[in-house]
Amino acid sequence: MPHLTYGGFVLNLRTILVEKWMPRWLACAGFHGLKGFVRGPEESHMKETAYLIQAALISAWWVGLATSQTFFAAFQFNGIPPVAFWAFFAPDILCIAALSTVRAYKNIARLEYIVLGAFAYASLYCANATCLTRSGYLPTGVMLCGLCYNLFLCFNESLFRNASSSFALNVAKTAIQTVCIWTMALAVVPYIILDAFDALAMPNSGPSLILGLTAFACCSVLGLTSAFFMVRDGGGTPLPLDQTNHLVVTGPYRYVRNPMAMAGIGQGVAIAWIFQSIPVLIYALLGAFVWHLVVRPIEERDMIRRFGNAYLQYRQRVSCWIPTFRKTIP
């Protein structure tokens, strides 16, 4: 039993996380009650927060593996013994969690590339193991997400580019983006999670299913409507690689700054409700958590650079998450 072998470590790690890391991390992340959560951290602390989050998640992941047989089983590869899995414990803690913690407190750019390389190696290993065993899609997916996360942290400044001025082309690109992202985030990933936790089954019919489907439909309409206004009034697409040329303050953006993020998170929560799945709910909420603390500050920094005082005034008037129906942009 892995949790018996590593029980002492787990207890010490919990103490470190709860008593030492969390207070410093919360202060770094800008949590000062509800108001602090809505406004989030300053842009200058984005990377520090991002790497501290990564260190905490990696450590919490190993705690979960050591304390829960169900969690441990969900991340296994068929035909590969558990001892081989535990061989990654020291590299993960030293090369990813520890170095991410150091990077959170020391501005050493080289560490970012070392952590990125560690994730690249782990991702290749997991992808190869999945190809050989035709299993372990969840651990491979997690490693690939970690790799993309670190690529974003290392190269985010080069990702933001303005879209073309062709309305028809932007519509086509937005439609393709929506289909690809929704398929991956709302179908493939939840399917892998449900399958890994042996919860892949048709949802039970009844009021709960109707409520979940209704919530999913409403969030989908919100997402599509937001994308429409972004293309029509912004002259671009939702992706940073093909972003808008104009500040969008119409449609849903009149009442909340990030309606597309709200829609995506709501869709994920609705799927969790439909399938009554705690792991899928954690996936959706974790996505919201990371988006608010890591992605949002980078996007806002770029918006300030491009739109200046106009965006600063808009950000002051309109909330990030809570719709402000009484305070509208003229």
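The values are calculated or read from the model by the stated rules, or taken from the named source; none is laboratory data. This is a predicted model, so every value here is computed, not measured. Ideal geometry is used to build each Cβ from the backbone, glycine not excepted, and the neighbour counts take in all protein chains shown.
Below is a table of values for the structure above.
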quantity	calculated
T140, sole failed condition from (1) at pLDDT 95 or above; (2) surrounded by 15 or more Cβ atoms within 10 Å (Cβ to Cβ); (3) more than 22 Å from the chain's Cα centre (by Cα)	(3)
Residue list for segment 266-291, filter: within 10 Å of the chain's Cα centre (by Cα) and within 18 Å of I181 (Cβ to Cβ)	Y283, A284, L286, G287, A288, V290, W291
So L293, is it crowded, with 21+ Cβ neighbours inside 10 Å, more than 19 Å from A201 (Cα to Cα) and in contact with a Gly (Cβ under 9 Å, 6 or more places away or on another chain)	yes
Subset of segment 230-260 that is modelled with pLDDT under 90 and polar (S, T, N, Q) - its residue that is farthest from I181 (Cα to Cα)	N245
Subset of segment 43-57 [over 20 Å from E157 (Cα atoms) and surrounded by fewer than 20 Cβ atoms within 10 Å (Cβ to Cβ)]	A56, L57
Hits in segment 183-196 - residues which are free of Cβ contacts under 8 Å to residues at least 60 places away in the same chain and under 20 Å from M260 (Cβ atoms)	T183, M184, A187, V188
Elements of type helices (runs of 4 or more DSSP H) contained in segment 217-330, each with 1 or more residues being over 25 Å from M184 (Cα atoms)	296-307, 309-317
Meets criteria (under 23 Å from F155 (Cα atoms) and either surrounded by fewer than 20 Cβ atoms within 10 Å (Cβ to Cβ) or touching a helix residue (DSSP H, G or I) at 6+ places or on another chain (Cβ under 7 Å) (or both)) for G251	no
Segment 286-309 residues that are at negative phi, paired with ones that are at pLDDT 90 or above and of a type in the set (F, W, Y) (beta carbon under 7 Å, 6 or more apart)	M303/Y311; I304/Y311
Scope segment 172-214; condition within 15 Å of Y137 (Cβ to Cβ), assigned to a helix (DSSP H, G or I) and aromatic (F, W, Y); matching residues	Y191
Residues located in segment 143-163, provided they are in contact (Cβ under 8 Å) with a residue 60 or more places away in the chain and either more than 14 Å from V115 (Cα to Cα) or outside the structural domain of S100 (by TED's automatic domain parsing) (or both)	N156, L159, F160, R161, N162, A163
Any chance P91 is within 18 Å of S59 (Cβ to Cβ) and over 21 Å from the mean Cα position of the chain (by Cα)	yes
Top-ranked residue of segment 167-181 - restricted to ones that are within 20 Å of the chain's Cα centre (by Cα) and either acidic (D, E) or under 15 Å from Q243 (Cα atoms) (or both), ranked as modelled with the lowest pLDDT	Q177
